[in-house]
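What follows is one structure encoded as C-alpha cells, with my remarks underneath.
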Amino acid sequence: MLDIRPVTPADHAAWMPLWQAYQRFYQAEIPAETSALTWQRFLDSAEPMHAALAWQDGEAVGLVHFTITAVAGRVVTTATCRICSSPSTFAVAASAAR
C-alpha cells in the first residue's frame, strides 16, 4: 500500500536521495545551498512551497513538490512528482469557496 504524507524534519535523509535522483533524471545541477534552502521552505508554514513523500513498506519511493496559490477566485496547485521513477508534471485548478 502506498502512503503519501507531508514531509517532516525527520524525513530529510529519505527525501535527499529522491531529490538527487530527480535532478539526475532532468540533468540538473542544483547547488547544495539551494537544496538546503528548498528543504527549509518545505518546513516553513509561512512559505507557499510544500513537499510530500510516497512511502511503501517503510521506504520513501517518491516525492512531490507543490505550491498552492490563490489566483482571481481560484486556487491553483502546481506540482512536480516523481513516484517510483515515473516523473510527471501537472497543474490542477479548482474553484475556491470564497
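The values are calculated or read from the model by the stated rules, or taken from the named source; none is laboratory data. Values in this document were obtained by computation on a predicted structure and should not be read as measured data. Methodologically, a virtual Cβ is constructed for each residue, glycine included, from the backbone with ideal geometry; neighbour enumeration extends over all protein chains shown.
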- prompt: Filtering region 57-73 down to residues that are farther than 22 Å from Gln23 by Cα and either small (Gly, Ala, Ser) or surrounded by 10 or more Cβ atoms within 10 Å (Cβ to Cβ) (or both), which residue is nearest to the chain's Cα centre (by Cα)?
  reply: Ile68
message: Of everything in region 11-52, what is over 13 Å from Leu63 (Cα atoms), among the hydroxyl-bearing types (Ser, Thr, Tyr) and either in a helix (DSSP H, G or I) or touching a His at 6+ places or on another chain (Cβ under 8 Å) (or both)? Give them in sequence order.
response: Thr34, Ser35, Thr38
message: Of the residues His65, His50, only one is at pLDDT 90 or above and within 17 Å of Asp3 (Cα to Cα); which?
response: His50
- request: Would you mind stating whether Thr34 is out of contact with any strand residue (DSSP E or B) (no Cβ under 8 Å at 6 or more places or on another chain), polar (S, T, N, Q) and modelled with pLDDT of 90 or more?
  value: yes
- prompt: Do the conditions hold for Pro31, that is, is it in contact (Cβ under 8 Å) with a residue 24 or more places away in the chain and loosely packed, with under 12 Cβ neighbours inside 10 Å?
  reply: no
